[in-house]
1. Part of a loop (DSSP other than H, G, I, E, B), out of contact with any Phe, Trp or Tyr (no Cβ under 9 Å at 6 or more places or on another chain) and of a type in the set (D, E): is that true of E165 in this structure?
2. Quickly run through segment 215-225 and pick out the residues that are part of a strand (DSSP E or B) and not aliphatic (A, V, I, L, M).
3. Would you check if there is a residue in segment 44-57 being β-branched (V, I, T) and either surrounded by fewer than 21 Cβ atoms within 10 Å (Cβ to Cβ) or modelled with pLDDT under 95 (or both)?
4. Only one of these is of a type in the set (A, V, I, L, M, F, W, C) and surrounded by fewer than 16 Cβ atoms within 10 Å (Cβ to Cβ): A168, A180, A199. Name it.
5. Which one is nearest to P166 (Cα to Cα) among residues in segment 110-133 that are in contact (Cβ under 8 Å) with a residue 12 or more places away in the chain and among the hydroxyl-bearing types (S, T, Y)?
6. Take the residues in segment 232-267 that are acidic (D, E) and part of a helix (DSSP H, G or I); name whichever of them is farthest from C55 (Cα to Cα).
7. So which residues in segment 193-225 are at pLDDT 90 or above, more than 18 Å from F259 (Cβ to Cβ) and either of a type in the set (S, T, Y) or over 15 Å from the mean Cα position of the chain (by Cα) (or both)?
8. Checking the condition aliphatic (A, V, I, L, M) and assigned to a helix (DSSP H, G or I), which residue from I228, I212 passes?
Amino acid sequence: MIAAVNQGANSLRPGRAQIVFSGVTLNLGGKAILEGISLDVKPGEFLCIIGASGCGKTTALRLAAGLYQPTSGTVAFDGQAMLAPRRDIAIVFQDYGKALLPWRTAAGNVSLALEASGMAASQRAARIDELLKKVGLPNHAGKYPAEMSGGMQQRLQIARCLAQEPKALLMDEPFGALDAMTRQGLQDEVLSLVHASDATVVFVTHDLEEAIYLGDRVIGLLPHPGRIGIELQIDLPRPRDQLTTRENPEFLRLRRELFDFIKASEA
């Protein structure tokens, strides 16, 4: 398990929004994927995006990362137009198996981000040890991804992203392929890491309970084309707990509201 860090209340930093979608429409292959998306994400906020399959959740994340450019409208980060990927924005992919380099050990995969940043070789070992300890892999530096479980591989991918010291962490259904117990453990670990780093998070998931458990706010996208159909502020107390939080009447009310939204959007 991860080194103990309090996952207490996220501190939304004052000032202007960090990620801003202004009237964003994206057409791919002559088809509108997203239409008229306007959205502000505050510094330090944990925003979750949910929606039916094909509603454009991952596409929105790629726009935030600078991997796509909008057909119309603008995407900005810290007041600057997102024209290309940035080193201070890290992406955690669902398919950890393809995200990691199989010919590099755990330490080597984390080192990749440090090498890209220009950190001297003499300084990397201590930083790698620190990051692997943070994500609960202190004794696995010499293992290759194929020798690690799915949950360990995803922890490793997160460690490599944290090596970038990102201002924002974009996560695309990162726990979707994991079993329920591993998934819940990693949810708590991510909350702890985010609280410690104060990073802004945009987290895409199809799991409604996961979105409510993790988020400060949840938005739901309607499909064909993707557009914002619901926005819920999550005022559940932090630190969150896998049992008591999920039994909270407000949690159950929010789950029902999101469930009804998804059901109506699929009709």
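1. Values: part of a loop (DSSP other than H, G, I, E, B): yes; out of contact with any Phe, Trp or Tyr (no Cβ under 9 Å at 6 or more places or on another chain): yes; of a type in the set (D, E): yes.
Taking the combined requirement at face value, the residue satisfies it.
2. The first filter runs over segment 215-225 and keeps only residues part of a strand (DSSP E or B), leaving 217-222.
Scanning segment 215-225 gives R217, G220.
3. Of all residues in segment 44-57, those β-branched (V, I, T) come to 49-50.
Checking the rest, the ones that are also either surrounded by fewer than 21 Cβ atoms within 10 Å (Cβ to Cβ) or modelled with pLDDT under 95 (or both) come to none.
So far as segment 44-57 goes, no, none of its residues is β-branched (V, I, T) and either surrounded by fewer than 21 Cβ atoms within 10 Å (Cβ to Cβ) or modelled with pLDDT under 95 (or both).
4. Numbers: A168 fails: surrounded by fewer than 16 Cβ atoms within 10 Å (Cβ to Cβ); A199 fails: surrounded by fewer than 16 Cβ atoms within 10 Å (Cβ to Cβ).
So the residue among A168, A180, A199 that is of a type in the set (A, V, I, L, M, F, W, C) and surrounded by fewer than 16 Cβ atoms within 10 Å (Cβ to Cβ) is A180.
5. S117
6. Initial filter on segment 232-267 (acidic (D, E)): 235, 241, 247, 250, 257, 260, 266.
Right, trim to part of a helix (DSSP H, G or I) and you get 247, 250, 257, 260, 266.
Details: E247: 29, E250: 26, E257: 18, D260: 16, E266: 10 Å.
Only one residue fits best here, namely E247.
7. Answer for segment 193-225, where residues must be at pLDDT 90 or above, more than 18 Å from F259 (Cβ to Cβ) and either of a type in the set (S, T, Y) or over 15 Å from the mean Cα position of the chain (by Cα) (or both): T200, H224, P225.
8. Working: I228 fails: assigned to a helix (DSSP H, G or I).
Going through I228, I212 in turn, just one is aliphatic (A, V, I, L, M) and assigned to a helix (DSSP H, G or I): I212.
The values are calculated or read from the model by the stated rules, or taken from the named source; none is laboratory data. Since the model is a prediction, treat every value here as computed from it, not as a measurement. Every residue, glycine among them, receives a Cβ derived from its backbone with ideal geometry; neighbour counts consider all protein chains shown.
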